[in-house]
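In what follows, a structure is listed as structure tokens, so that the remarks can point back to it.
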Amino acid sequence: MAEFFSTRNRGEIVRGSEAIMKGIAGDGGLYVPDCFENIYGKCMKAKSYSNLCSTVLSSFFPEIDISDDVESAYMKFSTNPPLCIIKAGDLHVMELYHGPTCAFKDFALSVLPYLMRKSRELEKDSLRTVILTATSGDTGKAALEAFSDRGTGSRDIQIVVLYPQNGVSDIQKRQMITQEGGNVSVIGINGNFDHAQSAVKEIFSDSGLKDELIQKGIELSSANSINIGRLTPQVAYYFHAYRELLERGDISDGEEVSFCVPSGNFGDILAGYYAKKMGLPVHRLICASNENDVLAEFFKTGTYDRRRELLCTSSPSMDILISSNIERLLYHISESTQTVSGWMEKLEKDGFYSVYGDDSQMNEKIKRELAVFDFGSTDHKTAQDTIRRTFENHGYLMDTHTAVAFSVAEKSALSGVKVVLSTASPFKFASSVCEALGIDTSGAGEFEVLDMLSAETGCEIPEPLRALKDKKIIHELTADRRDIKKAVVALLYGQNK
Ligand SMILES: *Cc1c(COP(=O)(O)O)cnc(C)c1O
């Protein structure tokens, strides 16, 4: 049975349910599983997507039985199975955006409320849980949708989302500020995603505040991919893609496949790494970055360096300099919590660290482990060009994040079958996609832009985005980036009256 411990201390072992409820370990580290089970055979035999996903989840969390819930979670997607694999040129595109909020975050967040509710029962938790989540655009809406008491959520779990006001697309913002539900709050930050995520981490590691909140009957948890419950459901689609390619005859049993993943917080691609550890025949995991290419640089040099300005790009959900889930990878490649703690301290203090040091044996080990990753980055112009070219040549329309990965995969010299993860609907980033296609949207409102994109391409506007037009704006709360903690605490205490 898998147990979990912090990337910064192997001493404290917790069950999966506890790791899910806490979200992040008390020492600031992230929970990692102590072992991986080979589930390749079981996954290839699974009867349905939900069955496959339950197989993955029960391998991580045998004590949590949510197979029926997983089935209901994926019924909210507009396709069955919940993902589609489309061939565009030489690449296979795995579309992960057919969920209720039109981005891949729905895969994990649709399941997370069930995981949390079962974990609360197992942990005999009677406190009110407040989920505090920073978003670069898509996590926020997917979490709001999943936890809202208008949907699968309930009053005993509340959710607070912090989003960068100027770092998300018009549609992303509209999706969040119109969210209904008696247990949801949304705060716009005048800052970027890193500010929001750092504030969340600071709030989590403030033990004085934690005690104070517990006195008031409140405990904090997270729906960001720092929560292990967010990562695990994502492992399933890697297995599913493989099975589907096998069924179509595009690969033979056991043939290794590469996956190219548009990366930000490194959660999606880490799920692919876990799939490999659980027996999936993976050749390479290709980490694709936009202009904020700290991750590509890390894989190239072994040095993680965040000492630069965060740029606002046309793939905003990847605009991140402090990629949380790298910390989990660091543990798996070094297998030393002490080493990871050292690197994280250095990142905090100096803004960078290098995984290669004086210990040549350790250097060799890390190099070997990192060899499964390939990397690349794409700038705005190339991504825009990729959208236009792929639509003209193959009739295939993709969003700006997928374009980053598609272009990196096209440039990659790797041999063998390559699957590109498509993480969002092109309509979520309609203005940028229109610009790429040369459609003039000047003066058009955000919903007119959706219509224009649909008319020009013949692609249908997803229903959840079309429906936004008639929704009222509910959330107008904002906070300065220096006052995030103050704003959150005020909100928590206010709600508690
Ligand atoms: C979140 C997101 C990403 C990045 O995924 P990570 O797990 O943070 O690496 C890429 N594309 C879209 C559309 C996203 O919402």
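The values are calculated or read from the model by the stated rules, or taken from the named source; none is laboratory data. None of these values were measured; they are calculated from a predicted model. Neighbour counts run over all protein chains shown; Cβ positions are idealised from the backbone, glycine included. Heavy atoms of the whole protein, side chains included, go into the accessibility calculation; ligands, DNA and RNA do not. Shrake-Rupley method; radii C 1.70, N 1.55, O 1.52, S 1.80 Å.
Annotations for the structure displayed:
- Of the set (1) in contact (Cβ under 8 Å) with a residue 60 or more places away in the chain; (2) farther than 21 Å from Glu369 by Cβ; (3) not polar (S, T, N, Q); (4) not in a helix (DSSP H, G or I), all apply to Arg243 but (4).
- Qualifying residues in the range 371-421 (those that are more than 15 Å from the ligand (Cβ to nearest atom) and among the aromatic types (Phe, Trp, Tyr)) - the one farthest from the chain's Cα centre (by Cα): Phe391
- For the residues Leu329, Leu310, Leu347, the requirement of being on the phi < 0 side of the Ramachandran plot, modelled with pLDDT under 95 and not hydroxyl-bearing (Ser, Thr, Tyr) singles out Leu310.
- Residues satisfying the stated conditions in the range 210-226, i.e. out of contact with any Leu (no Cβ under 9 Å at 6 or more places or on another chain) and open to solvent by less than 50 Å² (accessible area, probe 1.4 Å): none
- Filtering the range 99-133 to residues that are within 16 Å of the ligand (Cβ to nearest atom) and in a helix (DSSP H, G or I) leaves Lys105, Asp106, Phe107, Ala108, Leu109, Leu112.
- The residue that is surrounded by the most Cβ atoms within 10 Å (Cβ to Cβ), counting only those in the range 146-186 that are more than 22 Å from Ser315 (Cα to Cα) and of a type in the set (Asp, Glu), is Asp149.
- Criterion violated by Gly254 - all others in (1) assigned by TED's automatic domain parsing to the domain that holds Leu115; (2) under 30 Å from Pro281 (Cβ atoms) satisfied: (1)
- Strands (runs of 3 or more DSSP E) fully within the range 10-98 counting 3 or more residues that are surrounded by fewer than 20 Cβ atoms within 10 Å (Cβ to Cβ) and assigned by TED's automatic domain parsing to the domain that holds Ala223: none
- The range 274-286, residues that are open to solvent by 10 Å² or more (accessible area, probe 1.4 Å) and closer than 21 Å to Thr402 by Cβ: His283, Arg284
- Selection status of Leu329, among the aliphatic types (A, V, I, L, M) and either within 16 Å of the ligand (Cβ to nearest atom) or closer than 24 Å to Lys411 by Cα (or both): yes
- Checklist (1) under 14 Å from Ser314 (Cβ atoms); (2) open to solvent by less than 50 Å² (accessible area, probe 1.4 Å) applied to Ser431, failing item: (2)
- Among residues of the range 1-19 that are without any contact (Cβ under 8 Å) to a residue 24 or more places away in the chain, those with a Cβ under 8 angstrom from a residue that is surrounded by 22 or more Cβ atoms within 10 Å (Cβ to Cβ) and assigned to a helix (DSSP H, G or I), sequence gap 6+ or separate chain, pair up as Val14/Lys22.
- Checklist (1) within 20 Å of Ser136 (Cβ to Cβ); (2) away from the ligand (no atom under 16 Å from the Cβ) applied to Leu245, failing item: (1)
- Some residue of the range 257-267 being over 30 Å from Gly351 (Cβ atoms), buried (at least 23 other Cβ atoms within 10 Å of the Cβ), away from the ligand (no atom under 13 Å from the Cβ) and in contact (Cβ under 8 Å) with a residue 60 or more places away in the chain: no
- Gln172 vs. criteria within 20 Å of the chain's Cα centre (by Cα) and among the polar types (S, T, N, Q): yes
- Within the range 422-441, the set of residues being away from the ligand (no atom under 15 Å from the Cβ), assigned to a helix (DSSP H, G or I) and of a type in the set (D, E, K, R) comprises just one member, Glu435.
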